[in-house]
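Have a look at the structure below before the remarks.
The values are calculated or read from the model by the stated rules, or taken from the named source; none is laboratory data. Quick caveat: nothing in here was measured; it's all calculated off a predicted structure. Because the Cβ atoms are built from the backbone with ideal geometry, glycine has one as well, and the counts that use them run over all protein chains shown.
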């Protein structure tokens with residue numbers, strides 16, 4: 001917490017400052033490039049499935065150029081031997097840290113270069129071995145209640161002003177839903193909130209519980225547009241403070257209650273259970289507990305939705321993201337997610353994958369981040385900006401490359417036949433409740 | 001195969017004739033009901049979670065009556081001690097066989113009584129122990145290519161005339177889709193076929209492969225309404241013969257090819273992979289193989305759909321159904337199904353659960369079966385009719401009770417961003433292909 005006060009953004013353990021090596025000044029002694037360095041540069045490319053991305057070393061000469069005819073999308077430039085070796089040993093954590101520290105540059109469109117790299121790695125076969133030459137990835141941290149608080153604080157309490165710069169006025173920090181391509185980010189975020197509300201068929205007067213509510217946008221949207229009462233849980237102090245202020249300002253404080261508490265402490269009975277973008281922070285070990293929370297809080301006849309980043313197969317999270325950006329985070333496969341639903345025999349009604357919507361959302365966040373890069377650098381420092389560009393661009397690329405997914409899962413208790421017969425109500429058709 | 005000729009329906013190993021005990025004539029010596037018999041009758045009810053269903057023994061006296069105030073839906077009548085004991089020892093296989101043999105009767109609406117029983121068992125907690133007092137359920141049979149052929153022959157080669165009586169003219173033997181409740185079975189089956197076609201976005205000229213095609217209805221529907229070319233695989237001789245005849249009669253023989261072969265022998269490359277109601281017969285051991293088949297036959301840019309009965313949790317199949325009705329069958333949980341998709345990193349785009357549609361479909365099949373019960377009894381025998389009523393009614397009840405589900409899973413290769421951005425095209429809105 002010491003850094004918290006010292007840092008202009010109020011960032012405890014922010015990426016650049018925690019353990020990543022400091023950026024090296026351009027005045028440092030230039031290392032001579034050896035034949036071995038060149039081999040290592042080429043090895044880095046072949047270990048990554050030989051993507052259409054050139055690799056240049058600190059002498060300004062390419063150690064690897066993609067095959068003739070490849071549609072070359074960019075270049076990685078390693079500025080010193082240590083950056084190259086740590087990237088080889090640990091292509092996620094080592095590369096991410098070296099990039100953040102300015103010891104690696106990416107020439108070309110950041111998202112396109114990373115997309116090409118991710119696809120080429122994925123097509124080259126199972127990735128686990130490639131993801132760390134040291135043979136093992138760091139184990140994601142278990143989210144006890146105390147540690148959850150610390151982990152969430154690390155990311156979400158970076159300062160509301162900072163997020164506002166690039167999330168826009170909706171302050172929604174989850175995948176938007178572009179029902180048409182011309183939509184602005186703001187419109188697409190509003191559309192996403194409607195999409196979620198329609199999926200759980202909110203009706204006036206309902207009691208809704210939201211687990212992990214960010215800055216409160218969805219909770220307020222539900223109350224305002226669907227006439228429901230919302231109890232919304234979040235352990236980020238800054239987000240809850242902001243949300244409460246907003247609810248007051250918008251005259252919704254009597255219908256939306258923001259509770260600064262862990263989802264595990266949800267009590268009461270609700271007509272709908274909504275959780276958008278929290279599951280990533282829950283951690284696999286706690287899925288059964290989350291299932292228990294839902295089981296006891298969702299009334300019979302109510303629908304639940306979980307919206308989360310996920311994966312097509314179970315795999316350790318990206319080590320750099322998990323260590324530097326989202327401590328304790330874990331994007332589950334659908335197989336993993338079944339731990340939430342199976343122990344109480346929930347009936348899964350509907351799963352939708354919105355991965356390209358998240359790619360679009362992240363690319364827009366990155367554009368806005370770049371538009372404000374001067375102010376953000378002033379608020380933090382260069383290594384923070386580099387880390388966050390890598391995070392936003394890298395996630396956009398990963399969604400494009402299908403190495404991560406975005407799942408919305410709708411479910412109900414098994415002893416409940418008041419479920420929607422079709423999904424027409426999500427698409428502007430009459431709701432089709434048969435009451436079988 | 002000896003029974004094949006002898007049996008009026010041409011039924012090899014049909015339920016009543018295979019191993020189920022023969023029906024007992026009413027003239028047999030009546031057993032005296034003892035105090036222990038009454039205890040066992042009451043025990044059968046309590047082991048099943050005390051459903052709102054009375055239990056009567058062969059002296060005409062109830063051994064169990066539901067609690068006061070329970071909304072009693074019917075009664076099980078055991079006609080002899082052996083039926084009671086084998087039902088207690090094996091509530092699936094023993095009960096099913098004794099019911100088929102006429103040694104148990106169900107008073108009240110068949111579906112409602114079974115629904116009440118299934119819900120009460122499910123609510124009573126984990127069911128594995130209850131499903132067999134002998135401690136273990138029969139292991140489902142592995143589906144080698146030879147055994148698959150035998151298993152499919154057992155059920156699907158019962159005679160096309162028999163199926164026509166209650167499936168109706170569409171000859172579709174899978175879950176219908178009631179986009180509105182007033183739809184007839186025929187309309188709902190046609191709607192289901194459109195629903196499937198829309199989900200995989202068929203366009204004129206496409207090459208489609210269908211794995212497990214029944215009597216060919218969907219294959220012909222796709223060719224006729226969407227202008228595609230279909231290669232459809234099935235190992236049921238009688239179904240393929242019927243399908244070929246139909247395709248000729250409807251002038252579709254140049255666009256639909258029916259191949260009497262195993263899905264494992266699918267060759268070629270296709271723009272869409274469609275499989276409706278086959279996965280239930282594939283068996284868990286073969287899911288990875290099915291994934292390999294899809295991987296090599298679905299072109300990049302193409303969508304696949306698998307439509308299957310499933311479950312909310314992994315569990316052995318109903319022993320009676322697996323032994324008597326669908327040998328080798330296994331309804332997978334979503335967790336199980338991931339074995340198909342994970343090894344090739346398929347991106348799951350959309351999962352819809354249509355369990356109540358299958359309940360509605362099965363109830364309509366049962367009504368039609370009952371309308372033709374005299375002809376069907378003449379074509380077979382009483383124990384066959386009883387077994388099939390238990391199968392149709394039992395499955396309807398299981399879908400209503402959410403102990404089985406119906407999943408439609410749409411998926412794509414991971415290196416493919418031509419996937420639909422929204423599901424609007426399934427609901428009559430413009431298709432939203434972004435080509436990101």
Say we look at segment B:143-154 and pick out the residues that are modelled with pLDDT of 80 or more and crowded, with 19+ Cβ neighbours inside 10 Å; which of these is nearest to residue B:263 (Cα to Cα)? B:148
Filter result for the condition that a residue is over 13 Å from the mean Cα position of the chain (by Cα) and free of Cβ contacts under 8 Å to residues at least 60 places away in the same chain, over B:410, B:385: B:385
Checking residue B:303 against (1) out of contact with any strand residue (DSSP E or B) (no Cβ under 8 Å at 6 or more places or on another chain); (2) modelled with pLDDT of 95 or more, which single condition isn't satisfied? (1)
Among the listed residues A:211, A:219, identify the single one that is buried (at least 23 other Cβ atoms within 10 Å of the Cβ) and over 30 Å from residue A:314 (Cα atoms). A:219
Only one of A:345, A:416, A:350 is out of contact with any helix residue (DSSP H, G or I) (no Cβ under 9 Å at 6 or more places or on another chain), at the interface with chain B (Cβ under 9 Å from one of its Cβ atoms) and surrounded by fewer than 24 Cβ atoms within 10 Å (Cβ to Cβ); which? A:416
Residues of segment A:316-326 classified as out of contact with any helix residue (DSSP H, G or I) (no Cβ under 7 Å at 6 or more places or on another chain) and either facing chain B (nearest Cβ under 10 Å) or in a helix (DSSP H, G or I) (or both), total: 1
Exactly one of A:140, A:126 is touching a helix residue (DSSP H, G or I) at 6+ places or on another chain (Cβ under 8 Å), within 29 Å of residue B:344 (Cβ to Cβ) and at pLDDT below 95, and that residue is A:140
Any residue in segment B:296-314 that is without any contact (Cβ under 8 Å) to a residue 24 or more places away in the chain and within 14 Å of another protein chain (Cβ to nearest Cβ) sitting within a Cβ distance under 7 Å of a residue that is surrounded by fewer than 24 Cβ atoms within 10 Å (Cβ to Cβ) and assigned to a strand (DSSP E or B)? List the pairs, counting only those 6 or more apart or interchain. B:313/B:333; B:314/B:333
Just a yes or no: is a residue in segment A:104-114 within 14 Å of residue A:393 (Cα to Cα), out of contact with any strand residue (DSSP E or B) (no Cβ under 9 Å at 6 or more places or on another chain) and assigned by TED's automatic domain parsing to the domain that holds residue A:47? yes
Going by what's in this entry, would residue A:339 be described as at pLDDT 95 or above, assigned to a helix (DSSP H, G or I) and within 12 Å of another protein chain (Cβ to nearest Cβ)? yes
Subset of segment A:175-187 [closer than 24 Å to residue A:156 by Cβ and buried (at least 24 other Cβ atoms within 10 Å of the Cβ)]: A:175, A:176, A:177
Scan segment A:174-188 residue by residue and report those that are in contact (Cβ under 8 Å) with a residue 40 or more places away in the chain and either in a helix (DSSP H, G or I) or closer than 19 Å to residue A:250 by Cβ (or both). A:185, A:188
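A quick yes/no check of all residues on (1) within 14 Å of chain B (Cβ to nearest Cβ); (2) more than 20 Å from the chain's Cα centre (by Cα); (3) under 23 Å from residue A:92 (Cα atoms); (4) crowded, with 22+ Cβ neighbours inside 10 Å:
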| position | (1), (2), (3), (4) |
| --- | --- |
| A:328 | no, no, yes, yes |
| A:335 | yes, no, no, no |
| A:354 | yes, no, no, yes |
| A:357 | yes, no, no, yes |
| A:369 | no, no, yes, no |
If you check residue A:275 against the conditions, is it over 24 Å from residue A:175 (Cβ atoms) and either buried (at least 23 other Cβ atoms within 10 Å of the Cβ) or touching a residue at least 40 places away in the same chain (Cβ under 8 Å) (or both)? no
